[in-house]
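Dropping a structure here in structure tokens format, bear with me for questions.
Nothing in this text is a laboratory measurement; each read-out follows from the coordinates by a stated rule. Owing to the predicted nature of the structure, the values given are computational and were not obtained by experimental measurement. Cβ placement follows ideal geometry from the backbone for every residue including glycine, while neighbour counts extend to all protein chains displayed.
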Amino acid sequence: MSILAINGLSLRIGQTEILQDVNLSMQHGEIVAITGESGSGKSMTALSVMGLLPRGAVAGGQILLDGVDILQTAEPDLCQMRGNAMGMVFQEPMTALNPVQTIGAQVAETILIHEKTTKAEAHQRAAAMLERVGLKVAPTRYPHELSGGQRQRVVIAMAIALRPKLLIADEPTTALDVTTQARILDLLQDLVREFDMGLLLITHDLAVVADVADHIVVMQKGRVVEAAPTAELLTNMQHPYTRALFAASGHAVQLPERGGVGQLLSVRNVVRDYPARRKALFGPRPMVRALDDVSFQMDHGERVGLVGESGCGKSTVTRAILGLEEVQGGEIRLDGEPVFTHHRPNLAVRRRMQVVFQDPYSSFNPRHRVDRLITEPFHLLDDPPQGNARAAAIAKALGDVGLSPGDAGKYIHEFSGGQRQRIAIARALIIEPELIIFDEAVSALDVSVRAQVLDLIADLCRKRPLAYLFISHDLSVVRTVTDRVMVMQAGKIVEQGETEKVFTTPQHPYTQTLIAAAPKLPELSHAVETV
């Protein structure tokens, strides 16, 4: 008997059809991946299996977990099943964890809720489970003291503490760097084999899907458009949407010839230290070196990538370049002007740089309309445009990113994720900066939207001599949108050079490890290329 069988699942919220006739089955020890664009119904399918549908949702069909119909099960019984028979790993571990409880207490809580055992025994089992998922820190630590990959291991430990029959992982590696992602995926595969449970993997990362899944289910607009064993689907895609998804995942951007000449940014021998936790109550406070003698330069019109694991110093060097943090040693100059002067940020320099963040929604004030949001950089100018000049600047910025002037009067919640990122790019462009920093700007987007945004960046480079620093953990993206790449490890630049040369013949062992850890799409049939 199948561990999970979804038969004719439909879901409606109000008058909106969310899911239509969804069918899926999986066996013990099997990994089934559901993939598709944002809004395709992947996460709602997972929430339906967990019995966590929003209020007002009307579901039909069957969801059989080991023979028990989830849709016909009362809430008290579902509460007993969650954590016991089925567990879930969410995309963002920090929001799934309680910030005021230790990680050991949070794993033990799952055991105490479902089993009659002592608190001491539950904490002992929790410590053993944390060790099983490869977390080599004390159970007395709090979530904010851990890295992203470590937090994800805590969430996995909570989900499997009672060895459930089914584990659902909803985008478990989206925000992680390539080496941490590889470790988490290896861990999930090991747990499936060890506990003989089923793993339902929700992801838009098709390279991950191709690498770990036994069976792939492709969803579009609430329907399953194609489902097959992984090897069969990759060699013989039947549905045009499936072929389009894989074509977008392997999309290569055509960058124009580089414009501009001369040096733009100079980072020389930069050092940045942070105070660490005291080891004794009255002992000295040790220092942690985040940037260790970092030096590099960028020319006008040059497109440079910066890659490395979480905690390597990418964000610290970004804040230093933008003049948001002063460094203890070295110097940062833009067009020969220092970013900091007499321990104060040089605002005349800062106005010539802009940044595009990873999550555009959280970087905007939802109460303001688009015209106000994208003109925020005007406050950096001595004489910002007014009246017709301001309206013309707004229309030009929106037009440059493929939006219409009419979008200026809308609110940010009225746009999709890809459109919000276009608005974020328009905000960065509106004062014509000399340097833009893209900080994980496409990592949260699905493959088709990501391809559109990357094409937009290439198109902007054709219109102006745009220089940018592209920070990402997605090596396939960095490879296609940069002229040169720098690899960072433990606060140091360990390798830099022409992008294709570094990816083809990496010299440093760490670079070789990063490239080897990155999931790769298999060679696909020519049918994909024609989409």
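Are there any chymotrypsin sites (Phe, Trp or Tyr not before Pro) in region 224-284 that are in a DSSP loop and have at most 12 other Cβ atoms within 10 Å? List them by number.
Those that pass, being in a loop and sparsely packed, are PHE282.
Sticking with this structure for a sec: Given a cut-off of under 8 Å on Cα pairs at least six residues apart, what relative contact order in percent is computed for region 102-158?
In percent, rounded to a whole number, it is 47.
Where in region 326-408 are there trypsin sites (Lys or Arg not before Pro) that are in a DSSP coil and have at most 15 other Cβ atoms within 10 angstrom of their Cβ?
ARG367
Could you give the alpha-carbon Rg of region 4-249 over 2.2 N^0.38 Å, rounded to two decimals?
Rounded to two decimals, the normalised Rg is 1.01.
Could you compute the net charge surrounding ILE202? Neighbours are other residues with a C-beta less than 10 Å from the C-beta of ILE202; K and R count +1, D and E count -1.
Overall, the nearby charge balance is -1.
Report the net charge of residues surrounding ALA397, where surrounding means a beta-carbon distance below 15 angstrom and charges are Lys +1, Arg +1, Asp -1, Glu -1.
In short, +4.
Per residue of the chain, what 222 nm ellipticity follows from adding -39500 (n - 2.57) for every DSSP H run with n ≥ 4, rounded to the nearest 500?
My calculation for the chain gives -10000 deg cm²/dmol from helical runs alone.
Under a straight-distance cross-link criterion of Cα-Cα below 23 Å, which lysines are reachable from LYS520, leaving out those fewer than 8 residues away in the same chain?
In chain and number order, the partners are LYS42, LYS501.
Using a Förster radius of 51 Å, what is the FRET efficiency between ASN23 and ALA280 based on their Cβ-Cβ separation? Nearest 0.05, please.
The calculated FRET efficiency here is 0.25.
Could you work out the pair-distance distribution P(r) of the chain from its alpha-carbon pairs, with 10 angstrom bin width and percents rounded to whole numbers?
3, 16, 25, 26, 19, 9, 2, 0
Which percent, to the nearest 5, of DSSP beta bridges fully inside the chain are antiparallel?
So the antiparallel bridges in the chain amount to around 60 percent.
Two decimals, Cα atoms only, Kirkwood Rh: what is Rg/Rh over region 114-178?
Computed over Cα atoms, the ratio is 0.98.
A further question follows. From the alpha carbon gyration tensor of region 160-259, can you work out the equivalent ellipsoid semi-axes (sqrt of 5 times each eigenvalue) and give them in Å, largest to smallest?
That gives 28, 20, 11 Å for the three semi-axes.
Where does region 370-430 land on Rg(C-alpha)/(2.2 N^0.38 Å)?
1.04
In terms of Cα to Cα distance under 28 Å, which lysines are near enough to LYS136, apart from those fewer than 8 places away along the same chain?
LYS116, LYS119, LYS165, LYS279, LYS314, LYS492
May I pose another question? Order of 157-170, 224-237 by packing, highest average Cβ count within 10 Å first?
The packing order, highest mean first, is 157-170, 224-237.
Another question, if that's okay. Around GLN27, with a cut-off of 15 angstrom between Cβ atoms, what is the net charge of the other residues, counting Lys and Arg +1 and Asp and Glu -1?
Within the 15 Å Cβ shell, the charges total -2.
Here's a follow-up. How would you rank GLU37, GLU498, going from fewest to most other Cβ atoms within 10 Å of each one's own Cβ?
By the 10 Å Cβ count, ascending: GLU498, GLU37.
Order of VAL100, VAL212 from fewest to most other C-beta atoms within 10 Å?
VAL100, VAL212
Return the whole-Å distance between the Cα centroid of region 236-292 and the Cα centroid of region 179-205.
Centre-to-centre (Cα) distance: 25 Å.
Listing CYS461, CYS79 from the residue with the fewest other Cβ atoms within 10 Å to the one with the most, what is the order?
Fewest-to-most Cβ neighbours within 10 Å comes out as CYS79, CYS461.
I've got another one for you. Once fully extended, how much extra length lies between VAL137 and TYR411, figured as 0.36 nm per residue of separation less the alpha-carbon to alpha-carbon distance?
So the chain would gain 94.3 nm between VAL137 and TYR411.
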